[in-house]
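Before any comments, here is the structure.
The values are calculated or read from the model by the stated rules, or taken from the named source; none is laboratory data. Remember, predicted model here, so these are calculated numbers, not experimental data. The protein model used for the area step is the full one, side chains on, heavy atoms only, and it has no ligands, DNA or RNA in it. Shrake-Rupley method; radii C 1.70, N 1.55, O 1.52, S 1.80 Å.
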Amino acid sequence: MTAPGPPGSPGSRPTAGPDAAPHCVRHPDRPTALACTRCGRPACPDCLRAAPVGAHCVDCVADAARTTRAPRTVGGGRARPGATPVVTITLVAVNVVVFVLTALSAGSAWANYTSPWVEATWLVPADVAAGQWWRLVTAGFLHIGPLHVAVNMFALWVLGRDLELVLGRLRYALLYGVSLLGGSTAIMLFGDPDRPVAGASGAVFGLMGALVVVLRRLQLSPTPALLTIGLNVVLTFTIPGLSVLGHLGGLVTGLLVAAALVHGPARSHPRAGLWAVGGIAAVLVVLDVLRVLTL
């Protein structure tokens, strides 16, 4: 029989007795007197997370995350309370960068419309009919003069940051994009074929319309939003040079998209709202195609 060596020697590893402390299941070298209150397995402090009752090991926490249904917003998106409005910040940044580039190209912030980039991307229905379909979208990121971009970006920030959190990033991005397309479609259908139009106002008006629908869905007073929309509609008809069709087209589209997202089966079946928004976008594209065939 071989006798055990002195303490600390290679042969002196203690054997577990009936009173020996259990070891963490994830870190076998760490003895612990703690255990997961869900599965009962021993776990060290690094592997435990506070729970309403006791503490759960990281494996149980991960398992619960996989099986627990994520909370949804009123529009069916994933709830992210206090999250950064990434989409709104990105849209503002893109619009500002495009304006700066056109101003540099034109050599003037006030006459940036002389930039060849502006002339190649603003919305002219006749040019769309000639095959330049990108103008339906690119025009929504162009602005004529610093006041134009400043007013639209301020409105986008005020409206968008809250709507993005309520609807979720994907649905908010769809609302913005389809509203932009709705404004362009109204110009295509009823506007002067040779008159150029630019600006994010159609999409911004879409956010205004969506805000009314969302407030009513949340059972909050839509009066402030209605007053804001009314004021902007009055300004649209009284200030020369503004695109009445683009504003109203975006407003109506925003109302429809928001209604599709926050009413019906949007929360219990999140994809249903997305399919409805896709249907609205498809109708707008069809209307644009039909209009092109008549120009």
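Annotations
- Across 272, 83, 129, mean-square fluctuation computed from a Gaussian network of the chain (C-alpha pairs under 10 Å connected) peaks at 83.
- Helix 223-238 and the longest principal axis of the Cα set of the chain meet at an angle near 30°.
- Between 0 and 90°, nearest 10: helix 201-217 axis offset from the chain longest Cα axis: 60
- Accessible area expressed per residue, region 111-226, with surrounding protein chains retained (probe 1.4 Å, Å²): 41
- Length available on full extension from residue 58 to residue 216: 0.36 nm per residue minus the Cα-Cα distance, which gives 52.7 nm.
- Candidates 273, 54, 145: whichever shows maximal mean-square fluctuation once the chain is modelled as a Gaussian network with Cα springs under 10 Å: 54
- Over the chain, relative contact order from alpha-carbon pairs under 8 Å, at least 6 apart, %: 17
- Considering only 246, 140, 131, the mean-square fluctuation computed in a Gaussian network model of the chain, springs between alpha carbons under 10 angstrom, is largest for 131.
- With only Cα atoms counted, region 193-295 has Rg and Dmax values of 15.5, 46 Å.
- Computed [θ] at 222 nm, deg cm²/dmol, the chain (DSSP H ≥ 4; -39,500 (n - 2.57); rounded to nearest 500): -18500 deg cm²/dmol
- Helix axis angle, 146-167 relative to the chain longest principal axis, alpha carbon, degrees: 40
- Length gained on full extension, residue 117 to residue 66, computed as 0.36 nm times the residue gap minus the Cα-Cα distance: 13.5 nm.
- Pairs of C-alpha atoms in region 116-264 farther apart than 22 Å represent 36 percent of all such pairs.
- For region 37-52, the Karplus equation 6.51 cos²θ - 1.76 cosθ + 1.60, evaluated at θ = phi - 60°, returns couplings of 7, 9, 9, x, 7, x, 8, 7, x, 5, 9, 10, 10, 4, 10, x Hz by residue, with Gly and Pro reported as x.
- Solution diffusion estimate, µm²/s, Stokes-Einstein, the chain, Kirkwood Rh from C-alpha pairs, 37 °C, viscosity 0.692 mPa s: 144
- Surface share of carbon and sulfur [accessible, 1.4 angstrom probe, percent] for region 148-226: 64
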